[in-house]
Amino acid sequence: MTFLRATFFRSLYAILLLIAVLVLNFSMMHMAPGDVADTIAQSMGGADPEIMAQIRADYGLDQPFLIQLATYVGKVLNFDLGFSFFYNQPVVSLILERLPATLLLVLGAQLLALTLGVVLGVISARNPNGMTSHLVTGLALFGYAAPVFWTGILCLIAFSLHLGWFPTSGMRDVTVAGGGWAKLLDIAHHAVLPIITLCSVYLALYSRLCRTAMLEVLGSDYVRTAKAKGLSARQVVYKHALKNAVSPVITLAGLQFSAVISGAVLVEAVYSWPGLGTLAFQSIIARDTPTILGILFFSALVVIVGNLLTDIALRLVDPRVGGKQ
Amino acid sequence: MKNSHNSPLLKVENLRIELTTRDGVAPVIDDLSLELRAGETLSFVGESGCGKSMTALALMGLLPEKVGRVAKGSICFNGEDLTTASPARLNEIRGNDISMIFQEPMTSLNPVYTIGEQIAEVLRRHRGMNKAAAWQRAIELLDAVRIPNPKNRVSDYPHQLSGGQRQRVMIAIALACEPKILIADEPTTALDVTVQAQIFDLMRDLGRELGTATILITHDMGAVAEMAERMIVMYAGRMAETGPVQQVIDHPRHPYTKGLISCVPHLLAQLTAERPPLAEIDGIVPSLKDFGRDECLFASRCERANEQCRNQRPPEVGFSAGQLSACWQAEDV
Ligand SMILES: Nc1ncnc2c1ncn2[C@@H]1O[C@H](COP(=O)(O)OP(=O)(O)OP(=O)(O)O)[C@@H](O)[C@H]1O
Ligand SMILES: [Mg+2]
């Protein structure tokens, strides 16, 4: 009951937050010089002031700021993110078209990093002076220090150019015919390096945090109780200790999820991965306001949904979370 | 049952436990011998830092990894030496034949599992019960440790329980498999006074019911007098004195025991529910790195101390009924 109540209030709060984000985004874009009319005029190779004024009237750009804002918010709440003149299609369909590529990249990297990070963290915590422990420390240092685009370029040079194991860019190879398994395999082949590159950042964070959390939990009184019950080492570590140690890792993963698109931009740029990051990058260069606003809005949505999911995951793992309202 | 009358259930001989710390290796327990017979209650008393908890952990085979180790001696349970037993064998014994209750009820239960699961788990592990049977038994055990409304409380999480209730759950876990030995390490230190008496009553009643032998570690001389048949007074990792409780309290043969008793003035007059903790004897327990010295470690705090006390470790002097005192002047105390 308290859980449902809490979820309801959090959702309400999330919607208010979204509207605030919308207002902020729109205001900032409004303050920036240049608008759609400029872009259209540019694409036509210049236009005289009369035509410019006509375009502005057509798109409601001559209206007062507040009216424009209200119109925009109203449209967005009806899932209408506007129309991109640069790509010549609705922003919503543009985003949905690019979303799967980014999801594949981000979810793949997150999942890999979470699994590997927890496993490495647990192994190194059980043997703090062992090889794995040093590996985790080294990995974390590398992950923190190396910029992700640099790691990406390094991987490209090593595994694509020199070893020729993986393609250098894109998500599909046009020469690979057919659908089904051939297509899937082709995509997977293209995805390996981008996923590993993005994963390197997360892995550093998760393995390090899991190691620290696990070390603390392994020294706790309830782990001693578990040992005193005569449970096997495996049960002590994976049943009693791990469930307590993953809470901070889940929290961090949730926070990272919030940076989905910003994190993906650089990796997508390096590998010309046709996802939202690339779209964001291109639309900024093209001053494609509706698309930029759409992506910003979508990012905010991801952050909020990510937080909600994190909250639910934490409640599932730790009964103390949100117990008292 | 028959053979346990002749040979002790637990026999510890010349046990020496060393801790590796930054200051080097020090004997946190030195030359400790004891016997525990089936159904008997033996009490450990001594100030903080004397090595009481270390002794308990050593008996459980749970010395802190890479820090503590058994350097000498043996711990024989039913004739089997636990110091050389395999980890798998120790896991069979722990929680089943020998159980332990810890000093810190607030943190000794796992916060992310229900108390029912934490009780049921030990039954599934050692009794091979299935999920449903173990859960049912967990409810009965909660009832046995006098937690009201056990059917509803069984799916509570530890944070929903008070300290006293958590310690009751710990007792339920420890007694679930009807162990032969229960080690209770200051089970009431963290609880308030009224709850302390209840927990002691509970332990005594259940212990008698199951015929469990108890090793009770405590600061509480009143509890010792009430609960235990024999006692061991520890000082700085060594046994200062041991013997039947009444005899030791009436005629202590070690100045340290005498000090401990005089700190509890009401003890001789009446043994009631009022149990103030031990007051301080002047001076402090020497630090761990000095535990290995060849001298009486109590000498610096003892008004009787002479040259011999400061230069040579005293031998154990025997008296009637198995009373022993490690003091150069035991006869005169
Ligand atoms: N993990 C450890 N590493 C190093 N030294 C330790 C460790 N645990 C305990 N000690 C030391 O061992 C000595 C004995 O500790 P122990 O916990 O057995 O005392 P105690 O008699 O149980 O005291 P208390 O009444 O406070 O519980 C103390 O000097 C303590 O500092
Ligand atoms: Mg202790």
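The values are calculated or read from the model by the stated rules, or taken from the named source; none is laboratory data. Just so it is clear, the model here is predicted, and its values are computed rather than measured. All Cβ positions, even for glycine, are placed from backbone atoms using ideal geometry, and neighbour counts span all protein chains on display.
Scanning segment B:213-257 for residues that are over 22 Å from residue B:189 (Cα atoms), buried (at least 19 other Cβ atoms within 10 Å of the Cβ) and not aliphatic (A, V, I, L, M) gives B:238, B:241, B:242, B:243, B:252, B:253, B:254, B:255.
Whether a residue is away from ligand 1 (no atom under 16 Å from the Cβ) and at pLDDT 90 or above was assessed, and residue B:83 passes this test. Count of segment A:65-82 residues, restricted to those that are among the hydrophobic types (A, V, I, L, M, F, W, C) and under 13 Å from residue A:289 (Cα atoms), is 1. Within 16 Å of ligand 1 (Cβ to nearest atom), on the phi < 0 side of the Ramachandran plot, under 15 Å from the mean Cα position of the chain (by Cα) and charged (D, E, K, R), is that true of residue B:238? Taking the combined requirement at face value, the residue satisfies it. Residue B:179 meets the conditions (1) in a loop (DSSP other than H, G, I, E, B); (2) under 21 Å from the mean Cα position of the chain (by Cα); (3) away from every other protein chain (no Cβ under 14 Å) in every case but one. The failed one is (3).
Answer yes or no as to whether residue B:25 is within 14 Å of ligand 1 (Cβ to nearest atom) and more than 23 Å from residue B:316 (Cβ to Cβ). Taking the combined requirement at face value, the residue satisfies it. Taking first residues from segment B:97-109 that are free of Cβ contacts under 8 Å to residues at least 24 places away in the same chain and partners that are within 14 Å of ligand 1 (Cβ to nearest atom), the Cβ contacts under 7 Å between residues at least 6 apart in sequence or on separate chains come to B:107/A:220; B:107/A:221. Residues in segment B:28-52 that are in a strand (DSSP E or B) and surrounded by fewer than 19 Cβ atoms within 10 Å (Cβ to Cβ) were compared, and the one that is farthest from ligand 2 (Cβ to nearest atom) is B:35.
Rundown of residues vs (1) loosely packed, with under 15 Cβ neighbours inside 10 Å; (2) touching a residue at least 24 places away in the same chain (Cβ under 8 Å); (3) in a loop (DSSP other than H, G, I, E, B), yes/no style:
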site: B:283; (1), (2), (3): yes, no, yes
site: B:294; (1), (2), (3): yes, no, yes
site: B:297; (1), (2), (3): no, yes, yes
site: B:303; (1), (2), (3): yes, yes, yes
site: B:309; (1), (2), (3): no, no, no
site: B:315; (1), (2), (3): yes, no, yes
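On the stretch given as segment A:265-298, residues that are part of a helix (DSSP H, G or I) and either more than 20 Å from residue A:89 (Cα to Cα) or basic (Lys, Arg) (or both) total 7. Condition test on residue B:92, is it more than 16 Å from ligand 1 (Cβ to nearest atom), among the acidic types (Asp, Glu) and farther than 30 Å from residue B:138 by Cα? When the stated conditions are applied, residue B:92 does not pass them.
Residues checked against (1) aliphatic (A, V, I, L, M); (2) at pLDDT 80 or above:
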| site | (1), (2) |
| --- | --- |
| A:258 | no, no |
| A:275 | no, yes |
| A:280 | yes, yes |
| A:284 | yes, yes |
| A:287 | no, no |
| A:296 | yes, yes |
| A:300 | yes, yes |
| A:307 | no, yes |
| A:316 | yes, yes |
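Residues in segment A:244-271 that are surrounded by 22 or more Cβ atoms within 10 Å (Cβ to Cβ) and within 13 Å of another protein chain (Cβ to nearest Cβ) were compared, and the one that is farthest from residue A:171 (Cα to Cα) is A:244. The residue list A:318, A:288 contains one member that is surrounded by 15 or more Cβ atoms within 10 Å (Cβ to Cβ), within 14 Å of another protein chain (Cβ to nearest Cβ) and either under 30 Å from residue A:4 (Cα atoms) or touching a strand residue (DSSP E or B) at 6+ places or on another chain (Cβ under 9 Å) (or both), which is A:318. Based on this model, can you work out whether residue B:189 counts as surrounded by 21 or more Cβ atoms within 10 Å (Cβ to Cβ), within 17 Å of the chain's Cα centre (by Cα) and not aromatic (Phe, Trp, Tyr)? No; evaluated as a whole, the condition is false for this residue. In segment A:181-194, what residues are surrounded by fewer than 21 Cβ atoms within 10 Å (Cβ to Cβ), under 25 Å from residue A:120 (Cα atoms) and in contact (Cβ under 8 Å) with a residue 12 or more places away in the chain? Answer for segment A:181-194, where residues must be surrounded by fewer than 21 Cβ atoms within 10 Å (Cβ to Cβ), under 25 Å from residue A:120 (Cα atoms) and in contact (Cβ under 8 Å) with a residue 12 or more places away in the chain: A:191, A:192. Just one of the listed residues (A:79, A:142, A:83, A:65) is in contact with a strand residue (DSSP E or B) (Cβ under 6 Å, 6 or more places away or on another chain) and of a type in the set (Phe, Trp, Tyr), namely A:83. Take the conditions more than 9 Å from chain B (Cβ to nearest Cβ) and under 23 Å from residue A:125 (Cα atoms) and apply them to residue A:222. Does it pass? Answer is no for this residue.
Residue by residue, here is whether (1) at pLDDT 85 or above; (2) part of a helix (DSSP H, G or I); (3) more than 14 Å from chain B (Cβ to nearest Cβ); (4) crowded, with 18+ Cβ neighbours inside 10 Å holds:
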{"residue": "A:197", "(1), (2), (3), (4)": "yes, yes, yes, yes"}
{"residue": "A:206", "(1), (2), (3), (4)": "yes, yes, yes, yes"}
{"residue": "A:227", "(1), (2), (3), (4)": "yes, yes, no, yes"}
{"residue": "A:235", "(1), (2), (3), (4)": "yes, yes, no, no"}
{"residue": "A:242", "(1), (2), (3), (4)": "yes, yes, no, yes"}
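Looking at segment B:54-78, which of its residues are out of contact with any Phe, Trp or Tyr (no Cβ under 9 Å at 6 or more places or on another chain) and within 16 Å of ligand 2 (Cβ to nearest atom)? Within segment B:54-78, B:54, B:57, B:58, B:60, B:62, B:63, B:64, B:67, B:68 meet the criteria.
Residue B:42 passes every criterion in (1) touching a residue at least 24 places away in the same chain (Cβ under 8 Å); (2) within 13 Å of chain A (Cβ to nearest Cβ) apart from (2). For segment B:45-73, taking the residues that are away from chain A (no Cβ under 14 Å) and of a type in the set (S, T, N, Q), the one that is farthest from ligand 1 (Cβ to nearest atom) is identified as B:55.
Under the condition of being part of a helix (DSSP H, G or I) and under 19 Å from residue A:292 (Cβ atoms), the residues counted in segment A:83-109 number 11. Being more than 11 Å from chain A (Cβ to nearest Cβ), part of a loop (DSSP other than H, G, I, E, B) and among the charged types (D, E, K, R), is that true of even one residue in segment B:156-164? No, segment B:156-164 contains no residue that is more than 11 Å from chain A (Cβ to nearest Cβ), part of a loop (DSSP other than H, G, I, E, B) and among the charged types (D, E, K, R).
Listed by position, the helices (runs of 4 or more DSSP H) enclosed by segment B:74-148 that each have at least 2 residues that are within 13 Å of chain A (Cβ to nearest Cβ), within 23 Å of the chain's Cα centre (by Cα) and surrounded by fewer than 22 Cβ atoms within 10 Å (Cβ to Cβ) are B:87-93.
Among residues that are crowded, with 21+ Cβ neighbours inside 10 Å, away from every other protein chain (no Cβ under 14 Å) and of a type in the set (Asp, Glu), residue B:23 is not included.
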